[in-house]
Amino acid sequence: RAAMSRVRCLLLLLAVCAAGGELGEKIAALSGFDATKPSAHTMNVSVGIYFEHLYSVDDKKHTFDSDFYLIYQWQDGRDYSSLFADPHLVEVGPAGSCEAEPLHRRLAGNAGASGDQGRRFLELGRDELSSIWLPDLHLRNQLKSEYKLNSQIARIYEDGLVELILFQRAVLQMNSPHYHAYPFDTQELPIVVESMSHTTKRIVLFVLPELTGLEEEYVHDWPGWEFVSFYEDVKDVVPHYSHANPCRRER
């Protein structure tokens, strides 16, 4: 690929860490509600994508190999106060304290994901995630056989914000590649997040702009491509199983 080739990235959220212990059992023992169920019939989920590295673009298979952070945030107003009363479970400080650089720099300045130095949160490791409700979001254009989840945690903040953070490497499909200007073509590299089963009656997605972007110091290492720009968007789409209900729409 000639050095003058260009590429655009469609971006949308974030990731990181690990933990374990008794927190999952204590959440399961909470009285008055089931934390594995959503806190409302319709859940608003903000999504951020932070693009780290582009490893390759395959012109024959119309795919690209990259790693990136996904961040999902939503509100849960139910009563977790008994957990925050236990000093052994609570962590204090900005979120992102154990995230890999350079995303940590962006998290540290974001009130939604990190807040001030005294912000309190509960951190759940991957072995404890089954104790809370998580949105059934996935990457629509990801090749399932070429995927590696490097880290996964969730945090519950004292104000009810819940944050799921993922860092992964994946091979994703390009939606509409075009090569009429080859080898000086411009391509879009999309990362498309959607619910696996719910319409906007149950899960409504929003862009989390403060945690959406890419690490520009790495674009100089992109193999044979130059970075042009990125953008984010949320739109209604026809699900893959629309033959079962042709009037159904999701986003």
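The values are calculated or read from the model by the stated rules, or taken from the named source; none is laboratory data. Since we're looking at a predicted model, the values are computed, not measured. As a convention, Cβ positions derive from the backbone with ideal geometry for all residues, glycine included, and neighbour counts pool all protein chains shown. What goes into the accessible areas is simple: the full protein's heavy atoms, side chains included, and nothing from ligands, DNA or RNA. Shrake-Rupley method; radii C 1.70, N 1.55, O 1.52, S 1.80 Å.
Filtered by the rule that a residue be assigned to a loop (DSSP other than H, G, I, E, B) and of a type in the set (A, V, I, L, M, F, W, C), segment 177-207 gives ALA181, PHE184, ILE191, VAL192, MET196.
Counting residues in segment 222-238 that are open to solvent by less than 40 Å² (accessible area, probe 1.4 Å) and either modelled with pLDDT of 90 or more or touching a His at 6+ places or on another chain (Cβ under 9 Å) (or both) gives one or more. Is one or more of the residues making up segment 57-68 at positive phi, open to solvent by 60 Å² or more (accessible area, probe 1.4 Å) and at pLDDT 90 or above? Within segment 57-68, one or more residues are at positive phi, open to solvent by 60 Å² or more (accessible area, probe 1.4 Å) and at pLDDT 90 or above.
Out of segment 159-176, which residues are crowded, with 16+ Cβ neighbours inside 10 Å and more than 14 Å from the chain's Cα centre (by Cα)? Step through it out loud before you land on a result.
Going residue by residue through segment 159-176, those that are crowded, with 16+ Cβ neighbours inside 10 Å are 161-174.
Across segment 159-176, the qualifying residues are LEU161, VAL171, LEU172, GLN173, MET174.
In segment 119-145, the residues that are over 20 Å from HIS198 (Cα atoms) reach residues that are surrounded by fewer than 17 Cβ atoms within 10 Å (Cβ to Cβ) and hydroxyl-bearing (Ser, Thr, Tyr) with C-beta atoms within less than 8 angstrom, at least six apart or across chains, in these pairs: SER131/THR36. In this structure, ARG155 does not satisfy being touching a residue at least 40 places away in the same chain (Cβ under 8 Å), part of a strand (DSSP E or B) and over 18 Å from SER46 (Cα atoms). The single condition among (1) touching a Phe, Trp or Tyr at 6+ places or on another chain (Cβ under 9 Å); (2) without any contact (Cβ under 8 Å) to a residue 60 or more places away in the chain; (3) small (Gly, Ala, Ser) that GLY213 does not satisfy is (2).
Residues of segment 30-47 being surrounded by 15 or more Cβ atoms within 10 Å (Cβ to Cβ) and modelled with pLDDT of 95 or more, which ones? If you could, list the steps in order and put the result at the bottom.
Pass one, segment 30-47, residues surrounded by 15 or more Cβ atoms within 10 Å (Cβ to Cβ): 30, 35, 38-39, 43, 45-47.
Residues satisfying the conditions are ALA35, PRO38, SER39, MET43, VAL45, SER46, VAL47.
ILE132 satisfies every condition listed in (1) closer than 20 Å to VAL47 by Cα; (2) at pLDDT 50 or above; (3) open to solvent by 40 Å² or more (accessible area, probe 1.4 Å) except (3).
Quick one: how many residues across segment 208-233 are in a loop (DSSP other than H, G, I, E, B), touching a Ser or Thr at 6+ places or on another chain (Cβ under 8 Å), of a type outside the set (Gly, Ala, Ser) and farther than 20 Å from LEU137 by Cα? Don't jump to the end; show me each part of the working.
Our first condition is that a residue be in a loop (DSSP other than H, G, I, E, B); within segment 208-233, this holds for 208, 212, 215, 222-225, 232-233.
Checking which are touching a Ser or Thr at 6+ places or on another chain (Cβ under 8 Å) leaves us with 208, 223-225, 232.
Still in the running and of a type outside the set (Gly, Ala, Ser): 208, 223, 225, 232.
Still in the running and farther than 20 Å from LEU137 by Cα: 223, 225.
Counting residues in segment 208-233 that are in a loop (DSSP other than H, G, I, E, B), touching a Ser or Thr at 6+ places or on another chain (Cβ under 8 Å), of a type outside the set (Gly, Ala, Ser) and farther than 20 Å from LEU137 by Cα gives 2.
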